[in-house]
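Read the structure below first, then the notes.
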Amino acid sequence: MNLFTEMRALVISALENMQTEGTLPEGLEFKNVAVEPPRDAAHGDMATNAAMVLAKPAKMKPRDIAEALSAKLTEDDRVITAEVAGPGFLNLRLSPEAWQGIVKVALVNGAEYGQSDMGEGRTANVEYVSANPTGPLHVGHCRGAVFGDALAGLLEYAGYGVTREYWVNDAGAQVDVLARSAYERYREANGLEFVVKEGLYPGDYLVPVGEALKEKFGDGMIDKPESEWLEEFRDYTIDEMLRQIREDLALLNVNMQVWTSERSYYSSGKIEKTLEELKEMGLVYRGVLEPPKGKEPDGWEPREQVLFKATEYGDDVDRPVQKSDGGWTYFAPDLAYHYDKVKRGFDVIIDVFGADHGGYVKRMKAIVAALDHEKRVHFDIKLTQLVKLFKNGEPFKMSKRAGTFITLRDVLEQVGPDVTRFVMLTRRNDAPLDFDFEKVLEQSKDNPVFYVQYAHARVCSVLRKAAEAGIAVDDETLSRADLSQLDHEAELGVAKKLAEWPRLVEIAARSNEPHRVAFYLYDLASELHSLWNRGNDDGSLRFIQEDNVATSQAKIALARAVAVVISAGLGILGVTPAEEMR
């Protein structure tokens with residue numbers, strides 16, 4: 001049940017009746033008519049823009065439409081008043097029964113309350129993390145992992161069939177550098193001095209790899225030329241790094257369904273096949289690019305290359321796919337990979353990149369725009385900004401086991417996965433995030449993860465105490481409680497916030513913004529805590545009313561509905577709800 005959707009349907013029905021009666025002309029389009037919370041809660045419970053969007057096509061004054069619509073809407077028992085405001089907005093106030101009914105719906109539907117069929121079973125591919133397998137995941141990867149996983153959970157909740165995917169960058173120069181770095185650790189394991197050669201990875205995370213290679217080869221590779229050990233060392237080290245990455249993601253409660261290897265695109269001929277298909281489509285050609293901006297003509301050598309017609313699809317330049325010597329560019333596997341995603345039939349494709357990949361956005365969008373012949377794919381790229389670590393307000397640097405960065409595992413060992421995940425979603429993905437180890441563990445209203453978890457734990461405490469007092473508090477019993485007793489403004493305020501949940505889910509899913517869920521949960525928790533605190537002064541607002549089981553069950557039903565929604569919201573974010581706080 002989405003009360004906002006129901007009220008919009010009521011508005012549309014009233015408008016159609018006005019057409020039948022001749023108050024409005026026929027042929028009007030109602031798709032832009034909205035019903036939503038007013039900007040100022042003092043103005044009412046809901047507001048509709050119907051008169052404003054229909055005035056011009058109807059050739060009528062907005063207030064005339066609004067006044068006629070007001071008379072129609074107040075015929076419904078749920079609408080107490082429909083007041084015309086400003087040039088023609090219509091502010092609605094709903095009856096207490098309308099809000100009280102939300103509590104029953106939440107209890108009857110449980111975890112399914114708020115779930116949407118917006119996705120209509122369509123398929124979505126969310127690719128995220130996709131860190132190079134050259135070392136442990138760091139705190140920057142953590143944000144992308146949490147955001148991508150929460151977005152995937154949100155889309156599933158909104159009715160999409162979601163595939164979580166990791167693109168393994170296991171080809172190119174960086175994995176050869178990884179193999180050479182492992183070789184130095186292998187030499188060290190054989191008693192030779194470890195020397196950090198320029199350009200190699202210095203982190204001691206490769207020490208166990210070197211020891212394992214010694215176990216496998218003894219000292220037999222010490223004096224061998226690189227050509228004899230590079231490939232085997234590279235394959236072994238990549239496998240070991242991927243094993244660590246999988247373990248780290250599992251600690252964060254992130255589990256990928258598909259791991260796609262970049263190397264497989266080179267070895268299987270997928271890039272060549274893609275290029276042949278692109279030639280048949282007329283999307284590639286042999287040409288010479290203009291010199292890059294800022295380079296003198298005599299410092300640049302023109303070379304004929306195979307180019308992808310990216311500029312025809314919004315990119316700044318055409319992108320080289322194949323070099324003049326026949327080798328593939330870095331763009332080639334990206335092109336083949338995204339073409340493969342399109343051919344796999346996904347309706348929605350989302351890439352989650354770090355902020356340093358902002359330059360890739362146009363070229364990636366050009367790929368999908370060019371290859372999505374039926375123009376059916378919704379493609380989006382979300383960038384996650386940097387995370388800065390603090391302790392007591394000061395920049396914080398932990399032991400850099402990785403050599404050059406702070407690992408995801410270090411963060412999880414400090415605060416755990418639930419806190420990490422929630423805090424990573426307390427800012428928009430494209431806004432920088434400050435992560436203070438002291439504040440995220442602080443038990444106060446200023447710590448959103450504590451505040452939300454505490455609300456859920458408080459409800460669980462109420463349920464336990466009620467059960468101890470012999471009050472039945474199972475959801476079926478609570479859903480049959482006399483909810484008309486929830487008539488205080490503070491209680492109705494909680495119910496109104498509960499009513500926003502289905503609408504919030506659809507807005508967040510439509511915009512690919514899971515942080516909206518975290519923000520909503522904080523607001524819902526605030527409503528519950530406010531009601532709880534008022535109960536300290538006004539005994540009639542307490543959830544358990546001594547010697548009055550019926551009233552207690554009504555009030556507990558409201559609290560339990562809050563727990564249902566908090567649990568569902570935290571589930572989307574990949575956070576386990578707390579049943580008690582210590």
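Values computed for the structure shown
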item: Gap separating the Cα centres of region 10-29 and region 431-464, nearest whole Å; result: 48 Å
item: Unit charges at the beta carbon, dipole of the chain: most positive-side option, 431, 414, 145; result: 431
item: Tilt relative to the chain, helix 226-251 - C-alpha long axis, 0 to 90 degrees, to 10; result: 10 degrees
item: 13 Å Cα-Cα reach of residue 375 towards aspartates and glutamates, excluding residues that sit fewer than 8 places from it in its own chain; result: 347
item: Those residues of region 306-336 whose amide nitrogen sits under 19 Å from the label point placed on residue 293, 7 Å along Cα→Cβ; result: 310-320
item: Kirkwood-Stokes translational diffusion coefficient of region 7-140, alpha-carbon pairs, 4 °C, 1.567 mPa s, µm²/s; result: 73 µm²/s
item: Cross-link table 445/497; 362/382; 273/323; 365/388, entries beyond 21 Å C-alpha to C-alpha; result: 365/388
item: Contour minus Cα-Cα distance for residue 489 and residue 28 (0.36 nm per residue); result: 162.1 nm
item: For the chain, alpha-carbon Rg relative to the globular expectation (2.2 N^0.38 Å, N residues); result: 1.19
item: Between helix 62-73 and the chain: long-axis angle, C-alpha atoms, 0 to 90°, nearest 10; result: 70 degrees
item: The chain, relative contact order in percent, only Cα pairs under 8 angstrom and at least six apart counted; result: 17 percent
item: Distance between region 167-204 and region 47-124 - C-alpha centres, whole angstrom; result: 62 Å
item: 15 Å beta-carbon shell around residue 212, net charge (K/R +1, D/E -1); result: -4
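Readers should treat all values here as calculations from the given coordinates under stated rules, not as data from a laboratory. In this text, all values refer to a predicted model and were calculated from it rather than measured experimentally. For neighbour counting, all protein chains shown are included, and Cβ atoms are generated from backbone atoms with ideal geometry for every residue, glycine included.
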